[in-house]
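Q: Structure incoming, see below.
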Amino acid sequence: MLYLLLGLLLFLGVHSSRIFADGWRSAMIERIGPLPWKGLYSLASVLGFALLVWGWGQARAEPLVLWATPTVLRHVAALLTLLAFVLFVAAYVPGNLIKARLHHPMVLGTKTWALAHLLANNTLADLLLFGAFLAWSVALFVVSRRRDRLLQQEYPPGRLGPTWVVLALALPAWAVFAFWLHAAWIGVRPLGGA
């Protein structure tokens with residue numbers, strides 16, 4: 001559990017610099033330059049991610065179950081992860097209606113993904129991992145929207161064509177991941193089998 005906690009602290013800590021230390025972040029970028037900052041940021045992110053994956057894997061070997069999960073919540077989680085995939089893809093397809101309306105679909109996708117996994121899982125490791133990501137994404141969304149208002153950020157209007165592209169990419173990606181890749185990569189089969 002220690003490696004999971006260390007990984008979460010490092011990974012989410014690095015990704016929280018705009019939430020809790022935006023002035024310090026800007027000063028560091030100005031002092032060392034954008035490329036060295038990105039290099040250090042990436043290195044710390046990869047190290048944190050590796051630690052949290054390893055720590056979560058260790059914690060899953062001896063799970064501490066906290067509650068019984070009703071089967072219906074697994075179905076709710078499947079629908080929420082479908083929405084998360086749509087939001088993740090919307091972050092990268094320019095000109096779609098989803099991004100035009102929500103402004104920060106990647107953060108909302110992370111929030112939706114974390115909530116889905118909190119509903120479907122029931123161990124202490126799950127609570128720590130997905131609860132931390134949920135809390136982080138909520139805080140980041142609030143700060144991002146506040147920054148948008150302060151900077152009077154304007155987002156271009158969305159169009160229907162790019163929105164259809166989002167759906168055409170997200171829906172099959174979700175299906176492939178839910179029915180096959182999740183089992184191969186995570187060792188858990190959320191759909192399509194026991």
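The values are calculated or read from the model by the stated rules, or taken from the named source; none is laboratory data. Since the structure is predicted, the reported quantities are computational estimates derived from the model, not experimental observations. Virtual Cβ from ideal backbone geometry, glycine too; neighbours counted across all protein chains shown.
Q: Quick test for you: out of Ala91, Ala178, Ala77, Ala125, pick the one residue that is closer than 21 Å to Leu5 by Cα and of a type in the set (Gly, Ala, Ser). Show your work before the answer.
A: Working: Ala91 fails: closer than 21 Å to Leu5 by Cα; Ala178 fails: closer than 21 Å to Leu5 by Cα; Ala77 fails: closer than 21 Å to Leu5 by Cα.
Going through Ala91, Ala178, Ala77, Ala125 in turn, the sole match is Ala125.
Q: Restricting to region 14-58, name every residue that is closer than 18 Å to Gly187 by Cα and over 20 Å from the mean Cα position of the chain (by Cα).
A: Within region 14-58, just Gln58 meets the criteria.
Q: If you don't mind, there's one more thing I want to ask. Return the residue satisfying two criteria in turn: it lies in region 33-65 and is surrounded by 13 or more Cβ atoms within 10 Å (Cβ to Cβ) and touching a strand residue (DSSP E or B) at 6+ places or on another chain (Cβ under 8 Å), and of such residues it is nearest to His15 (Cα to Cα).
A: Ala59
Q: Quick check on region 59-95: of everything there that is under 17 Å from Leu134 (Cβ atoms) and of a type in the set (S, T, N, Q), which residue is modelled with the highest pLDDT?
A: Among those that are under 17 Å from Leu134 (Cβ atoms) and of a type in the set (S, T, N, Q), it is Thr81.
Q: Can you name every one of the helices (runs of 4 or more DSSP H) wholly within region 94-194 that holds 2 or more residues which are over 16 Å from the mean Cα position of the chain (by Cα)?
A: In region 94-194, 97-102, 124-151, 160-176, 182-186 are the helices (runs of 4 or more DSSP H) which contain 2 or more residues that are over 16 Å from the mean Cα position of the chain (by Cα).
Q: Also: Any residue that is among the polar types (S, T, N, Q), modelled with pLDDT under 90, touching a Leu at 6+ places or on another chain (Cβ under 9 Å) and farther than 24 Å from Ser144 by Cβ - is there at least one of those in region 37-58? Lay out the reasoning, then the answer.
A: The initial filter retains those residues of region 37-58 that are among the polar types (S, T, N, Q), namely 42, 45, 58.
After this cut, where a residue has to be modelled with pLDDT under 90 as well, the list is none.
For region 37-58, residues among the polar types (S, T, N, Q), modelled with pLDDT under 90, touching a Leu at 6+ places or on another chain (Cβ under 9 Å) and farther than 24 Å from Ser144 by Cβ: absent.
Q: While we're looking at this one, here's another question. For region 110-146: of the residues being of a type in the set (D, E, K, R) and touching a residue at least 24 places away in the same chain (Cβ under 8 Å), which is nearest to Ala91 (Cα to Cα)?
A: The qualifying residue nearest to Ala91 (Cα to Cα) is Lys111.
Q: Would you confirm whether or not region 70-81 contains a residue that is in a helix (DSSP H, G or I), free of Cβ contacts under 8 Å to residues at least 24 places away in the same chain and surrounded by 13 or more Cβ atoms within 10 Å (Cβ to Cβ)?
A: yes
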